[in-house]
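The values are calculated or read from the model by the stated rules, or taken from the named source; none is laboratory data. Keep in mind that what you see is a predicted model, and the values were worked out from it rather than measured. Here Cβ is always computed from backbone atoms with ideal geometry, including for glycine, and neighbour counts include all displayed protein chains.
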Amino acid sequence: MTRRSRDDGSILVLSLGFIVICILALAVVVDASSVFLARRALQSQADAAALAGAQAIDLGAYYAEGASPRIRLDPAGIRAAVERHVRRDPGDGRLRAVSLRDDVVLVSMSDRVRPPFSGWLTPSGSYDLEVEAGAVLSYRPAR
């Protein structure tokens, strides 16, 4: 006669626990990667918008004087150029602010991201994360 051990079936419980932990770890990594990639895409969109704004020079002065150090950015044209670029860009970012300080274009954008796993487990809209990105572009090269 063999005596049954009290440890029968413990490997099954340990294996199931390990599988659950692995799935949860995978979900956290996928969610973090999703937010990181959304932020990176938003940063690219903000960089491109700042570049579009920095190209809004005062064309009247440029055509009158040529390419000279006196050419300045057109404050009215910067905001219009940035907004036009954001509308054309396929990204989902929302423009928060555009400003000009001493020939430096500042662009701030934000977006809402819903992580795949944690967003799936929660009701609609309750777990959206806000990501922000900003870009600074100097019209004049550093001296």
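Mind checking whether some residue in the range 96-111 is assigned to a loop (DSSP other than H, G, I, E, B) and among the β-branched types (Val, Ile, Thr)? Quick ask: steps written out before the conclusion?
As a first pass, look at the range 96-111 and keep what is assigned to a loop (DSSP other than H, G, I, E, B): 102-103.
Going one step further and asking which of them are among the β-branched types (Val, Ile, Thr), we end up with none.
No, there is no match, as no residue in the range 96-111 is assigned to a loop (DSSP other than H, G, I, E, B) and among the β-branched types (Val, Ile, Thr).
Residues in the range 44-52: is at least one more than 15 Å from MET109 (Cβ to Cβ) and not aliphatic (A, V, I, L, M)?
Within the range 44-52, not a single residue is more than 15 Å from MET109 (Cβ to Cβ) and not aliphatic (A, V, I, L, M).
Quick check on the range 7-58: of everything there that is part of a helix (DSSP H, G or I), in contact with a Gly (Cβ under 8 Å, 6 or more places away or on another chain) and hydrophobic (A, V, I, L, M, F, W, C), which residue is surrounded by the fewest Cβ atoms within 10 Å (Cβ to Cβ)?
Here the residue is ALA41.
Go through PRO116, PRO90, PRO75, PRO69 for me and flag whichever is in contact with a strand residue (DSSP E or B) (Cβ under 6 Å, 6 or more places away or on another chain), more than 13 Å from ALA135 (Cβ to Cβ) and surrounded by fewer than 18 Cβ atoms within 10 Å (Cβ to Cβ).
Exactly one of PRO116, PRO90, PRO75, PRO69 is in contact with a strand residue (DSSP E or B) (Cβ under 6 Å, 6 or more places away or on another chain), more than 13 Å from ALA135 (Cβ to Cβ) and surrounded by fewer than 18 Cβ atoms within 10 Å (Cβ to Cβ), namely PRO75.
Go through the range 31-89 and report how many residues are of a type in the set (Ser, Thr, Tyr) and at pLDDT 90 or above.
Of the residues in the range 31-89, 3 are of a type in the set (Ser, Thr, Tyr) and at pLDDT 90 or above.
Which numbered condition trips up VAL28, out of (1) more than 30 Å from PRO90 (Cβ to Cβ); (2) aliphatic (A, V, I, L, M); (3) at pLDDT 80 or above?
(1)
Just to be sure I understand the filter: pairs with C-beta atoms under 6 Å, separated by 6 or more residues or on different chains, first member in the range 93-118 and on the phi > 0 side of the Ramachandran plot, second member surrounded by 15 or more Cβ atoms within 10 Å (Cβ to Cβ) and assigned to a loop (DSSP other than H, G, I, E, B). Which pairs pass?
If the second residue must be surrounded by 15 or more Cβ atoms within 10 Å (Cβ to Cβ) and assigned to a loop (DSSP other than H, G, I, E, B), the pairs left are ASP103/TYR139.
Kindly indicate the residue of the range 93-113 that is modelled with pLDDT of 85 or more and over 17 Å from ALA49 (Cα atoms) and also surrounded by the most Cβ atoms within 10 Å (Cβ to Cβ) among those meeting that condition.
VAL113
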